[in-house]
Amino acid sequence: MNPTSAILPISIIGVGSYSPDQMLTNADLEKKVDTSDEWIASRTGIRQRHIAGADETTSSMGAKAARCALEKAGVQPSEVDLIIVATCTPDMPFPATACWIQKELGSAGAAAFDLTAACSGFMYALSVGEQFVKTGAAKTALVIGAEKISTVLDWTDRNTCVLFGDGAGAVVLRHISGQPGIRSTVLGADGRHTDILHLSCGSNDAPSHHPPKPGEPVFMHMSGREVFKVAVVGMHKAATEALERSGLTLEQISCIIPHQANIRIIEAIADRMKIGTDRFFINVQNHGNTSAASIPVALDEAISQGRVKKGDSILFVAFGGGLTWASSVITL
Ligand code: UT7
């Protein structure tokens, strides 16, 4: 990287994603826990989710998504000088998943680090990557959201195991002269809600975080109903602020791409925005909640399905453990 003081608008020039082949349907889950397709579909909108194979890791999925994004951008791995991976399920505490991905891609020399903001992680990473490229500190940034959430789910807990899936999505960032690119970003968090959604690793756990005993598996814990309420308010507020800061009106937004956690959360936000859910891109039915991978996977699918195209303005909005939230307006 080469620090300078340029302030440049930054564009997404390539998008890619990867979803594991292995599918887990609601019918499959009926055989594992006391649940039903009817309950899952009506309460969440989820019908199936992709689950990583035993030989797949967060970094292997992230590398596949990144390769796809680089190919679409027409950028060689050697041209990448910054890799940021948003994940709360890294391959290991260190080296960073970004370093494993760098090795896999052959981008030696690029700065590489991980960032955690749970399901808002990709949006946080996008903003961090933007700052580097905007100032000229990096020329080509690879921003990846990748998760192997299936490894931190308690498969006997119906409150959580039916909600999540694995996958990865990636974007390539560069300054392109004359393109507005990322127009506005709002990031926020409220640490008073750390208790209602967390994944304890045992190193620094408050007793309320159910720290696992040595040798015990590490699982995610969530008070779904409480998360739901804060998510709707936080996402609506962040989206409204990002839109205001962008200088665009809601009518000028071609598509809203929300974090895909629950169809009812998306419906509640649409309600507050006084618009139909047809303005939103929704793929939660096929993926479940893939945490930091959710938004870039949805963006890639929205592009490949022709739902958004070059020149369109998109509103992203996410929330996650922390609780964290994030929203951004981008013109592709
Ligand atoms: O990215 C951030 C991640 N977190 C989220 O997005 C979570 C946000 N919250 C939610 O999406 C919803 O709160 C849930 C989908 C998690 C739960 O839906 P809900 O409508 O809030 O249900 P609830 O937690 O109030 O539970 C209602 C009932 C309970 O039974 P009782 O106490 O009424 O007898 C639960 O035990 O549904 C029961 N239940 C289930 N039943 C069948 C909970 N999970 C299941 C299940 N199958 N999988």
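The values are calculated or read from the model by the stated rules, or taken from the named source; none is laboratory data. Computed from a predicted model, the values in this text were never measured in an experiment. Glycine also receives a Cβ, built like all others from the backbone with ideal geometry; neighbour counts cover every protein chain displayed. Side chains are part of the model used for accessible areas, which takes the heavy atoms of the whole protein and leaves out ligands, DNA and RNA. Shrake-Rupley method; radii C 1.70, N 1.55, O 1.52, S 1.80 Å.
Quick notes on this one:
- Residue-wise HN-Hα couplings along region 151-162, as the Karplus relation 6.51 cos²θ - 1.76 cosθ + 1.60 with θ = phi - 60° gives them from phi, are 7, 10, 9, 7, 6, 9, 9, 5, 5, 10, 5, 7 Hz; Gly and Pro carry x.
- Cα-based Rg of region 11-180 normalised by 2.2 N^0.38 Å, two decimals: 1.12
- Shown for region 11-180: the carbon plus sulfur share of the solvent-accessible area, taken with all protein chains present and a 1.4 angstrom probe, equals 53%.
- Whole-number accessible area per residue in Å² for region 11-180, which is evaluated in the context of all protein chains at 1.4 Å: 39
- For the chain, the longest site-free run once trypsin sites (Lys or Arg not before Pro) in DSSP loop states with at most 15 other Cβ atoms within 10 Å are removed: 33-273
- Long-range tail of P(r) for the chain (Cα pairs > 32 Å, %): 23
- Charge-dipole axis of the chain as Lys and Arg at +1 and Asp and Glu at -1 on Cβ define it, positive-most pick from MET220, ILE330, ALA69: ILE330
- Using a probe of 1.4 Å, the accessible surface attributed to TRP100 totals some 90 Å² when neighbouring protein chains are kept in position.
- Excluding ligands, DNA and RNA, the accessible surface per residue across region 183-331 is 44 Å² with a 1.4 Å probe.
- Amide hydrogen proximity for GLY288: with H placed 1.01 Å from N in the peptide plane, the residues at 5 or more positions away or on another chain lying under 5 Å are ARG47, GLN48.
- Enclosed volume per residue, in Å³, of the convex hull spanned by Cα atoms of region 87-169: 95
- Restraint check, LYS134/LYS309; LYS31/LYS64; LYS139/LYS237; LYS72/LYS274; LYS64/LYS148, Cα-Cα greater than 25 Å: LYS31/LYS64; LYS139/LYS237; LYS72/LYS274
- For LEU115, the amide hydrogen comes within under 5 Å of the amide hydrogens of VAL85, ALA86, THR87, counting only partners 5 or more places away or on other chains and with H modelled in the peptide plane.
- Table column - 3J(HN,Hα) (Hz), region 253-262, Karplus curve with 6.51, -1.76, 1.60, x for Gly and Pro: 8, 6, 7, 9, 10, x, 4, 8, 10, 7
- Within region 183-331, the percentage of alpha carbon pairs spaced more than 24 angstrom apart rounds to 35%.
- With a Förster radius of 51 Å applied to the beta-carbon distance between LYS32 and ILE275, the computed FRET efficiency rounds to 0.85.
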